[in-house]
Amino acid sequence: MITTDAAAYRAALPEGGRLLGLDVGTKTIGTALCDAGWSFASPAHLIKRTKFTADKADLVTLIGQQQVKGLVIGLPLNLDGSDSPRTQSTRAFARNMADLGLPIFLWDERWSTAAVERQMIAEDLSRAKRAERVDKLAASYILQGAIDALAAG
């Protein structure tokens, strides 16, 4: 199941469980995990993209190690809410992950990277430190937004 509907996603996971948030980029995949009660999200690993099969294998390992019950994937919509080429690529990524049998929630990530960048600049992190952390932190930001919406509904 792949959805953008919080109620449908919540219904697919009535017992809750750990979720894995993904910020899918062209060069990296930022990951984040949340607790089983969907209270807080934390940055996890950064996966350097290679071939999809290798990327998926890395994600499957993480899913198994962390007993993940569902995925939240950031959906990079245009500012007006319409799809872009990156949106289509992310939807294809989600379809390719669907055979894992986990529910997948596509969450609007339009402002995630900008918000994370602003926070790191406010913390006076160097450009190099920001570059190495931005995707994991964006995944955490995406996942936190999604679990906040899931808890509110």
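The values are calculated or read from the model by the stated rules, or taken from the named source; none is laboratory data. Note that this is a predicted model, so its numbers are computed, not measured. Cβ placement follows ideal geometry from the backbone for every residue including glycine, while neighbour counts extend to all protein chains displayed. Surface accessibility is based on the protein's heavy atoms, side chains included, excluding ligands, DNA and RNA. Shrake-Rupley method; radii C 1.70, N 1.55, O 1.52, S 1.80 Å.
Pairs meeting the criteria (first residue in the stretch 136-153 and over 13 Å from LEU33 (Cα atoms), second residue part of a helix (DSSP H, G or I) and open to solvent by 10 Å² or more (accessible area, probe 1.4 Å), beta carbons under 6 Å, at least 6 apart or on different chains) are ALA149/ALA6; LEU150/ALA6; LEU150/ARG10; GLY153/ALA6; GLY153/ALA7.
For first residues located in the stretch 52-68 and more than 15 Å from GLY25 (Cα to Cα) and modelled with pLDDT of 95 or more, partners that are in a helix (DSSP H, G or I) and open to solvent by 50 Å² or more (accessible area, probe 1.4 Å) and lie 6+ apart or on another chain with Cβ distances below 8 Å form the pairs VAL60/LEU100; ILE63/LEU100.
Here's the yes/no breakdown for (1) under 13 Å from the mean Cα position of the chain (by Cα); (2) surrounded by 15 or more Cβ atoms within 10 Å (Cβ to Cβ); (3) at pLDDT below 95:
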position: GLY16; (1), (2), (3): no, yes, yes
position: LEU19; (1), (2), (3): yes, yes, no
position: THR28; (1), (2), (3): yes, yes, yes
position: ALA41; (1), (2), (3): yes, yes, yes
position: HIS45; (1), (2), (3): yes, yes, yes
position: ASP83; (1), (2), (3): no, no, yes
position: ARG86; (1), (2), (3): no, yes, yes
position: ARG110; (1), (2), (3): yes, yes, yes
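Checked against the criteria, ASN96 does not count as open to solvent by 20 Å² or more (accessible area, probe 1.4 Å) and either among the basic types (Lys, Arg) or farther than 22 Å from ARG18 by Cα (or both).
Exactly one residue out of LEU33, LEU102 is part of a loop (DSSP other than H, G, I, E, B) and surrounded by 15 or more Cβ atoms within 10 Å (Cβ to Cβ), and it is LEU102.
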